[in-house]
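The values are calculated or read from the model by the stated rules, or taken from the named source; none is laboratory data. These figures come from a predicted structure and were not determined experimentally. Using ideal geometry, Cβ is built from the backbone for each residue, glycine included, and neighbour counts are taken over all protein chains shown. Side chains included, ligands, DNA and RNA excluded: accessible areas come from the protein's heavy atoms. Shrake-Rupley method; radii C 1.70, N 1.55, O 1.52, S 1.80 Å.
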Amino acid sequence: MTKLADYFISGVWKDNSERITDVMLHTVNENNSFNMGVKTSESNAINLLKSKKTIKTITWGYPNWQIGALVTVVTIGNVEYLRTVANASVKDNLDNSINMEPIK
């Protein structure tokens, strides 16, 4: 079985200006299963992508997780942002990930 990605993102944290600050990052195992996620800064996720690791989004779609789009880095001005590949899925976007703020 081909590994779908090195990591999955299942949720995001945002600051007051709606900028992603952290993501819930899950390491993907060889059989495409994954363990409990770890809160990881956006900059660390960007560094993983720059080191040629692959990250995809996942969303909970009762009763299973749905694999989403590939995550990339875009630079606007001199600021880097996480983005999903455009038009990869009609319902997939990092904004659709679980808002992690209420979970303590």
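What the table shows:
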quantity: Sole residue being small (G, A, S), at pLDDT 95 or above and exposed (fewer than 12 other Cβ atoms within 10 Å of the Cβ), chosen from S41, S51, S17; calculated: S51
quantity: Residue in region 57-66 that is in contact with a helix residue (DSSP H, G or I) (Cβ under 7 Å, 6 or more places away or on another chain), among the β-branched types (V, I, T), surrounded by 12 or more Cβ atoms within 10 Å (Cβ to Cβ) and within 15 Å of T84 (Cα to Cα) present; calculated: yes
quantity: Every residue from region 37-56 that is touching a residue at least 24 places away in the same chain (Cβ under 8 Å) and among the hydrophobic types (A, V, I, L, M, F, W, C); calculated: A45, I46, L48, L49, I55
quantity: Complete set of residues in region 20-38 that are under 10 Å from the mean Cα position of the chain (by Cα) and open to solvent by less than 20 Å² (accessible area, probe 1.4 Å); calculated: V23, L25, H26
quantity: Every pair of residues 6+ apart whose Cβ atoms lie under 6 Å, when the first sits in region 14-36 and is at positive phi while the second is open to solvent by less than 80 Å² (accessible area, probe 1.4 Å); calculated: N32/L4
quantity: In region 1-14, the residues that are of a type in the set (S, T, Y) and either open to solvent by 50 Å² or more (accessible area, probe 1.4 Å) or over 20 Å from W60 (Cα atoms) (or both); calculated: T2
